[in-house]
Amino acid sequence: MAKRKPKKSKDTSSVVGVKARQKDMTQPEKYDMFAVAAIALVVAVCVVPLTAETSAAGFPHHKHIVLKMDEAILTVNNELDKKVVVSWKSEHCYQCLYQQLGVVPEGPRPGQPSSVDFVVSTQHEITLQLNSTPLNLELCTFPFHFGEHGNYSLWVKNLNDSSVVNCSVVTQGDPVNSYMPILVAFLIFVGLAVVFAIGKTVLGLDVVKAALFRISGSMETERLINSELGSPSRIVAPVTDNILLPPPSPSKRLRSLDTFRGISLVIMVFVNYGGGRYWFFRHESWNGLTVADLVFPWFVFIMGTSIALSTNSLLRAGSTRCSLLRKVVWRSLQLFVIGVFIINPNYCHGPLSWDNLRIPGVLQRLAWSYLVVACLDLLVARGHVDILTTDAWWSPGLDILLYWPAWLCVLLLEIMWLCLTFLLPVPDCPTGYLGPGGIGDMGLYANCTGGAAGFLDRWLLGENHIYQTPSSRVIYATQVPFDPEGVLGSINSILMAFLGLQAGKIILHYRDLHRSILSRFLIWGLVLGVISAVLTKCSKDQGFIPVNKNLWSLSYVTTLACFAYVLLVLVYYIVDVKKWWSGAPFYYPGMNSILVYVGHEVFEEYFPFRWQMANSQSHAEHLTQNLVATSCWVFISYVLYRKKIFWKI
């Protein structure tokens with residue numbers, strides 16, 4: 001569910017850039033060691049972070065190059081008597097053309113190399129290709145994963161004075177460990193969790209309770225100790241052998257569902273704020289999954305689960321289906337309007353800047369999925385499931401067979417998605433194309449990004465009203481606008497919400513039969529996992545339908561629904577069955593999800609969620625800022641929970 005925003009600056013940290021300078025290797029630079037030592041001492045005292053102008057050994061190299069995040073220096077030394085063209089491609093770029101990095105001229109004289117510095121990306125492993133000019137003969141090709149802020153030399157020379165060309169990479173300066181801030185942050189949060197657990201245990205001791213009672217002299221202490229930070233009290237009704245119990249009342253919410261929603265929301269806020277600028281906290285460029293690609297489908301999934309429980313509860317309370325339908329339409333309209341006019345990357349141009357107003361979006365996708373799935377559920381939902389017995393031969397499929405009309409509608413929608421995706425003719429593109437365009441597929445379909453999905457969005461909404469900077473631009477260098485929350489993908493988001501609705505039906509029909517609920521969750525996870533394995537052939541790019549968040553492909557939905565069922569099993573078992581965990585702190589943002597999501601978007605640029613950093617090219621500073629901002633929203637949601645303030649649409 002992570003949002004995608006237009007880039008605010010020309011950050012080339014994800015793209016191999018070219019910054020070249022020829023050097024005369026016959027006149028090496030001389031360094032004053034005492035001056036270097038003095039400078040190093042001043043830098044250490046002033047706590048100035050190590051920059052790209054200083055190697056790991058402390059010697060100034062490449063003063064003309066200032067490295068950004070996820071960049072390293074590669075010096076190509078050419079000892080040949082001909083020019084060398086250096087090209088590259090990312091290993092995450094499937095069937096891509098090589099992109100030229102630069103040209104290294106021949107050496108000034110035999111035995112003396114010429115040298116050119118390049119800035120290369122360190123996010124993924126890249127393949128370097130060296131060709132000679134003007135014949136364009138391939139000299140060597142090899143993959144290499146450069147380390148952030150490392151200093152590398154690539155030597156190109158003839159082997160033993162023969163015509164055989166040898167290419168070898170030497171590490172001149174060790175890279176920094178850019179993942180250390182993640183480890184430190186993890187240990188800090190684990191330490192806080194341990195301290196909190198110990199404090200909660202100590203406060204629960206009878207001796208401590210008695211002492212606090214004597215100090216306070218009131219029942220207020222008991223209320224604080226037994227607050228929602230601890231395990232919730234819940235009345236469990238008896239279960240008979242053949243009668244399924246009625247669903248919970250509104251006061252008996254399943255904490256696991258709000259905890260699940262809160263986990264998705266907290267990760268979503270974190271990746272929306274930048275995720276420390278790590279590539280795995282950003283959306284995958286095309287096929288595949290990163291952490292950022294998990295949260296939106298999970299949020300849609302748990303929304304479907306909540307629809308099943310809330311609809312059943314309201315029908316039991318006497319609400320009519322027509323009144324509920326009006327509420328569903330009104331809520332969907334509110335979500336859509338908030339998404340278009342409030343949470344929109346173009347809001348700084350004014351709310352009425354229709355020329356480039358983006359129409360699709362995260363909340364718009366949620367509104368559409370909620371509208372369709374809630375309407376389907378209202379058509380077939382049963383207000384009373386406590387009269388249904390479990391001794392009939394068809395009772396194992398009770399949660400599916402009773403709602404077969406809704407299942408039929410969803411299957412028809414999925415058939416529509418398959419037909420439009422694989423049969424709709426797209427001008428100048430192959431039918432059924434699922435690729436990114438750009439330099440992918442050897443550059444044959446540069447303007448076919450997204451195939452039918454991209455074509456429908458551009459046809460129905462117009463190029464100016466969809467997302468202009470898709471993630472495929474990072475690696476595949478696409479130039480065509482493409483919206484990851486477009487029209488065609490909305491069909492599969494309905495499927496995701498409906499699979500979440502099925503989880504709610506399981507909870508309703510097997511209320512407090514924990515073993516039955518957990519087993520059916522696992523069965524659904526297994527079935528969806530098998531479907532994903534068949535669709536993808538257990539590969540990233542070679543399957544019939546690859547996992548793709550940009551397209552919201554069928555395999556993407558089945559894979560993420562499989563993960564959702566497994567995660568729900570764990571959370572439900574730990575929180576609601578065993579009560580080992582109260583769900584804190586994720587429970588609180590899960591109870592106020594709309595407020596947290598809208599708030600984190602609107603106040604993104606304000607302190608304490610963002611401040612001016614001393615070094616904007618530091619993963620550590622970005623990670624600190626993003627974690628602080630996310631933690632602030634968790635704390636705000638806790639305060640609102642204690643004040644009983646909830647924003648519901």
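The values are calculated or read from the model by the stated rules, or taken from the named source; none is laboratory data. As the structure is a prediction and not an experimental result, all values here were calculated from the model. Backbone-built Cβ (ideal geometry, glycine too); neighbour counts: all protein chains shown. Note: areas computed on protein heavy atoms with side chains; ligands, DNA, RNA excluded. Shrake-Rupley method; radii C 1.70, N 1.55, O 1.52, S 1.80 Å.
Would you check which residues across the range 533-546 are out of contact with any helix residue (DSSP H, G or I) (no Cβ under 8 Å at 6 or more places or on another chain) and assigned to a helix (DSSP H, G or I) and list them?
Residues satisfying the conditions are Ala533, Val534.
Among the residues of the range 426-440, write down those that are in contact with a Gly (Cβ under 6 Å, 6 or more places away or on another chain) and open to solvent by 30 Å² or more (accessible area, probe 1.4 Å).
The answer is Leu434, and nothing else.
For the structure I just gave you, tell me whether Gly590 is assigned to a loop (DSSP other than H, G, I, E, B), under 18 Å from Ser306 (Cα atoms), open to solvent by less than 50 Å² (accessible area, probe 1.4 Å) and not polar (S, T, N, Q). Outline the logic, then answer.
Values: assigned to a loop (DSSP other than H, G, I, E, B): no; under 18 Å from Ser306 (Cα atoms): yes; open to solvent by less than 50 Å² (accessible area, probe 1.4 Å): yes; not polar (S, T, N, Q): yes.
When the stated conditions are applied, Gly590 does not pass them.
Residues are listed down the side, and each one gets a yes or a no for (1) in contact (Cβ under 8 Å) with a residue 40 or more places away in the chain; (2) in a loop (DSSP other than H, G, I, E, B); (3) over 23 Å from Leu309 (Cα atoms); (4) not aromatic (Phe, Trp, Tyr):
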residue: Lys505; (1), (2), (3), (4): yes, no, no, yes
residue: Val527; (1), (2), (3), (4): no, no, yes, yes
residue: Ile531; (1), (2), (3), (4): no, no, yes, yes
residue: Asn550; (1), (2), (3), (4): yes, yes, yes, yes
residue: Val557; (1), (2), (3), (4): yes, no, no, yes
residue: Leu560; (1), (2), (3), (4): yes, no, no, yes
residue: Ala564; (1), (2), (3), (4): yes, no, no, yes
residue: Val569; (1), (2), (3), (4): yes, no, no, yes
residue: Val575; (1), (2), (3), (4): yes, no, no, yes
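Looking only at the range 428-454, which residues are aromatic (Phe, Trp, Tyr) and farther than 22 Å from Leu418 by Cβ? Full working, then the answer.
First pass over the range 428-454, keeping only residues aromatic (Phe, Trp, Tyr): 433, 445.
Within the range 428-454, no residue meets the criteria.
With the structure loaded, tell me whether Tyr476 is at pLDDT below 95, under 21 Å from Leu366 (Cα atoms) and within 20 Å of the chain's Cα centre (by Cα) or whether it fails that test. Can you show your working first?
Working: at pLDDT below 95: yes; under 21 Å from Leu366 (Cα atoms): no; within 20 Å of the chain's Cα centre (by Cα): yes.
Against the criterion (at pLDDT below 95, under 21 Å from Leu366 (Cα atoms) and within 20 Å of the chain's Cα centre (by Cα)), Tyr476 does not qualify.
This table checks each residue for (1) at pLDDT below 50; (2) within 19 Å of Phe142 (Cα to Cα).
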position: Ile39; (1), (2): yes, no
position: Pro49; (1), (2): yes, no
position: Leu67; (1), (2): no, no
position: Ile73; (1), (2): no, yes
position: Cys93; (1), (2): no, yes
position: Pro108; (1), (2): no, no
position: Gln112; (1), (2): no, no
position: Asp117; (1), (2): no, yes
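Regarding the range 599-607, can at least one residue be identified that is among the small types (Gly, Ala, Ser) and buried (at least 17 other Cβ atoms within 10 Å of the Cβ)? Walk me through how you get there before you give the answer.
Taking the range 599-607 first, the residues among the small types (Gly, Ala, Ser) are 599.
With the extra rule that they be buried (at least 17 other Cβ atoms within 10 Å of the Cβ), the set shrinks to 599.
For the range 599-607, residues among the small types (Gly, Ala, Ser) and buried (at least 17 other Cβ atoms within 10 Å of the Cβ): present.
When you check Phe146 against the structure, is it closer than 24 Å to His283 by Cα, in contact (Cβ under 8 Å) with a residue 40 or more places away in the chain and among the aromatic types (Phe, Trp, Tyr), yes or no?
Values: closer than 24 Å to His283 by Cα: yes; in contact (Cβ under 8 Å) with a residue 40 or more places away in the chain: yes; among the aromatic types (Phe, Trp, Tyr): yes.
Spelling it out, Phe146 is indeed closer than 24 Å to His283 by Cα, in contact (Cβ under 8 Å) with a residue 40 or more places away in the chain and among the aromatic types (Phe, Trp, Tyr).
Return yes when Ser87 is open to solvent by less than 30 Å² (accessible area, probe 1.4 Å), among the hydroxyl-bearing types (Ser, Thr, Tyr) and either closer than 19 Å to Thr171 by Cα or in a loop (DSSP other than H, G, I, E, B) (or both) and no when it is not. It would help to see each step written out before you state the result.
Working: open to solvent by less than 30 Å² (accessible area, probe 1.4 Å): yes; among the hydroxyl-bearing types (Ser, Thr, Tyr): yes; either closer than 19 Å to Thr171 by Cα or in a loop (DSSP other than H, G, I, E, B) (or both): no.
So Ser87 fails the test.
For the list (1) open to solvent by less than 50 Å² (accessible area, probe 1.4 Å); (2) out of contact with any helix residue (DSSP H, G or I) (no Cβ under 8 Å at 6 or more places or on another chain), I need the number of the one condition that Leu159 fails.
With respect to (1) open to solvent by less than 50 Å² (accessible area, probe 1.4 Å); (2) out of contact with any helix residue (DSSP H, G or I) (no Cβ under 8 Å at 6 or more places or on another chain), Leu159 is out only on (1).
Yes/no matrix, rows are residues, columns are (1) among the aliphatic types (A, V, I, L, M); (2) in contact (Cβ under 8 Å) with a residue 24 or more places away in the chain; (3) open to solvent by 30 Å² or more (accessible area, probe 1.4 Å):
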{"site": "Asn272", "(1), (2), (3)": "no, yes, no"}
{"site": "Gly276", "(1), (2), (3)": "no, yes, no"}
{"site": "Trp279", "(1), (2), (3)": "no, yes, yes"}
{"site": "Gly318", "(1), (2), (3)": "no, no, yes"}
{"site": "Trp330", "(1), (2), (3)": "no, no, yes"}
{"site": "Gly339", "(1), (2), (3)": "no, yes, no"}
{"site": "Leu357", "(1), (2), (3)": "yes, yes, no"}
{"site": "Ser369", "(1), (2), (3)": "no, yes, no"}
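Find the residue count for the range 98-153, including only residues that are more than 25 Å from Ile65 (Cα to Cα) and open to solvent by 70 Å² or more (accessible area, probe 1.4 Å).
Counting residues in the range 98-153 that are more than 25 Å from Ile65 (Cα to Cα) and open to solvent by 70 Å² or more (accessible area, probe 1.4 Å) gives 7.
Taking Val487 as meeting all but one of (1) open to solvent by 40 Å² or more (accessible area, probe 1.4 Å); (2) under 24 Å from the mean Cα position of the chain (by Cα); (3) of a type outside the set (Lys, Arg); (4) farther than 24 Å from Val372 by Cα, write down the number of the exception.
It is condition (4) that Val487 fails.
In the range 441-468, how many residues are within 23 Å of Lys540 (Cβ to Cβ) and open to solvent by 20 Å² or more (accessible area, probe 1.4 Å)?
Qualifying residue count for the region: 6.
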